[in-house]
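Asks: Dropping a structure here in structure tokens format, bear with me for questions.
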Amino acid sequence: MATRMKEDLYDEAAELALQHRVKAGYVIEDEAEMTSRYRDVVTNTMHIAADLEIMTLPVYHPALLAAPTLEDRIAVAAAIQDELGHAQVMYRMLEDFGYDTVELLFERDPADFRTFYMIEHPQHDYIECCVAMLLGDRAGYTTTRDLEENCSFGPYARSLRKVNFEEQWHVGHGERWVKFFWNHSPETRKRVQKYVDFIFPMAAMWFGVPDSMKKRTDQLAYKIRGASNDEMRQRWLTEVVPYCEQVGIDIPAHFDKEKNEYVLDYEMPILLNEDTGEWDYTTVTWEEKFNQWRKGGRNKVAALERLQGECWGKEFW
């Protein structure tokens with residue numbers, strides 16, 4: 001018993017020592033430098049990132065087929081290629097920690113993929129794809145920028161340079177074409193607003209629960225990332241709200257002068273009616289929201305089953 005207690009104390013001391021080192025700016029380059037807890041945190045972060053990236057193929061696929069011009073189809077295809085490349089980077093890095101990419105991609109139960117609610121819903125046409133780039137890709141880009149700037153695992157931080165260069169292009173593409181379609185015709189303006197209404201609350205929840213509810217803080221303790229959930233959500237709002245106000249798009253958020261920050265016009269969490277595609281802005285319990293997340297969007301399992309079956313074929317072109 002005394003030996004076991006001593007080992008536990010030593011492990012905890014090692015974890016705390018590593019936390020202090022990385023917070024002081026030390027960059028880890030090799031698994032041999034990691035404690036077991038640090039390894040779990042960094043691999044878990046990369047694993048979720050890889051699953052999110054791979055999910056973009058089935059999500060973007062309907063928009064690819066519905067793109068109105070060859071140039072639009074090429075733009076969507078380029079975005080898909082970028083995202084698959086990002087997934088490849090993450091899965092490849094996981095192989096260095098003993099993971100099997102084939103098993104992760106093709107042998108897992110689709111329900112076990114750790115994706116986010118926002119990308120468990122397909123983008124049906126090019127306008128929705130552009131709105132998703134404006135709001136959703138920007139949410140992902142907010143996260144990966146933070147990781148590149150702050151992650152204490154050097155190889156992961158450096159791998160995100162190319163990722164962020166390409167994500168910046170996705171966001172810019174969304175900005176340009178959302179503004180174009182907003183001003184193009186009453187019909188396309190109506191569709192832009194419809195898709196913003198649908199995607200905005202999911203993108204705002206990309207960053208997770210409010211900081212006051214956050215129980216697991218290892219990502220911050222080990223400096224895998226530098227900003228908290230609310231700090232990243234604020235960074236996202238700081239970019240999204242002025243853009244939408246300048247274009248004229250209605251969004252449920254504004255700048256609060258008294259708080260000197262951007263705030264949502266509703267209290268999280270809220271629920272999406274999967275049958276109607278409409279949001280109920282009546283605040284619900286977090287347990288209800290967690291249940292919706294656990295259930296997942298109706299597209300998740302079917303889309304990943306199709307991905308695993310490799311049945312895309314000639315539909316691309």
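Asks: Here is a list of conditions, (1) within 21 Å of residue 207 (Cα to Cα); (2) modelled with pLDDT of 95 or more; (3) touching a Ser or Thr at 6+ places or on another chain (Cβ under 9 Å), and residue 55 meets all of them except one; can you say which number that is?
Replies: The number of the failed condition is (2).
Asks: Another question about this same structure. Report the residue count in region 31-48 for those that are buried (at least 20 other Cβ atoms within 10 Å of the Cβ), touching a residue at least 60 places away in the same chain (Cβ under 8 Å) and within 12 Å of residue 94 (Cβ to Cβ).
Replies: The total comes to 3.
Asks: Now for a different question. Taking region 145-158, which residues are surrounded by fewer than 20 Cβ atoms within 10 Å (Cβ to Cβ) and not charged (D, E, K, R)?
Replies: 150, 154, 155, 157
Conditions tested, residue by residue: (1) modelled with pLDDT under 95; (2) surrounded by 15 or more Cβ atoms within 10 Å (Cβ to Cβ); (3) among the aliphatic types (A, V, I, L, M).
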residue	(1), (2), (3)
251	no, yes, yes
257	no, no, no
279	no, yes, no
295	yes, no, no
301	yes, yes, yes
311	yes, no, no
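Asks: Looking at 197, 230, 250, 256, can you tell me which residue is over 15 Å from the mean Cα position of the chain (by Cα) and free of Cβ contacts under 8 Å to residues at least 40 places away in the same chain?
Replies: Testing whether each residue is over 15 Å from the mean Cα position of the chain (by Cα) and free of Cβ contacts under 8 Å to residues at least 40 places away in the same chain leaves just 256.
Asks: From 65, 104, which residue is farther than 26 Å from residue 199 by Cβ, hydrophobic (A, V, I, L, M, F, W, C), assigned to a helix (DSSP H, G or I) and out of contact with any Pro (no Cβ under 7 Å at 6 or more places or on another chain)?
Replies: 104
Asks: Residues in region 210-222: is at least one surrounded by 15 or more Cβ atoms within 10 Å (Cβ to Cβ), under 19 Å from the mean Cα position of the chain (by Cα), among the hydrophobic types (A, V, I, L, M, F, W, C) and farther than 25 Å from residue 38 by Cβ?
Replies: Checked region 210-222: no residue is surrounded by 15 or more Cβ atoms within 10 Å (Cβ to Cβ), under 19 Å from the mean Cα position of the chain (by Cα), among the hydrophobic types (A, V, I, L, M, F, W, C) and farther than 25 Å from residue 38 by Cβ.
Asks: Something else now. State all residues of region 140-174 that are under 21 Å from residue 228 (Cα atoms), assigned to a helix (DSSP H, G or I) and among the polar types (S, T, N, Q); if no residue qualifies, say none.
Replies: Selection gives 142, 143, 144, 150, 164.
Asks: Could you please find all residues in region 109-139 being without any contact (Cβ under 8 Å) to a residue 12 or more places away in the chain and part of a helix (DSSP H, G or I)?
Replies: If the condition is that a residue be without any contact (Cβ under 8 Å) to a residue 12 or more places away in the chain and part of a helix (DSSP H, G or I), then 112 is the only one that fits.
Asks: Okay, moving on. Being in contact with a helix residue (DSSP H, G or I) (Cβ under 7 Å, 6 or more places away or on another chain), under 17 Å from residue 207 (Cβ atoms), of a type in the set (Asp, Glu) and not assigned by TED's automatic domain parsing to the domain that holds residue 288 narrows it down to one of 125, 146, 82, so name that one.
Replies: 146
The values are calculated or read from the model by the stated rules, or taken from the named source; none is laboratory data. Since the structure is predicted, the reported quantities are computational estimates derived from the model, not experimental observations. Using ideal geometry, Cβ is built from the backbone for each residue, glycine included, and neighbour counts are taken over all protein chains shown.
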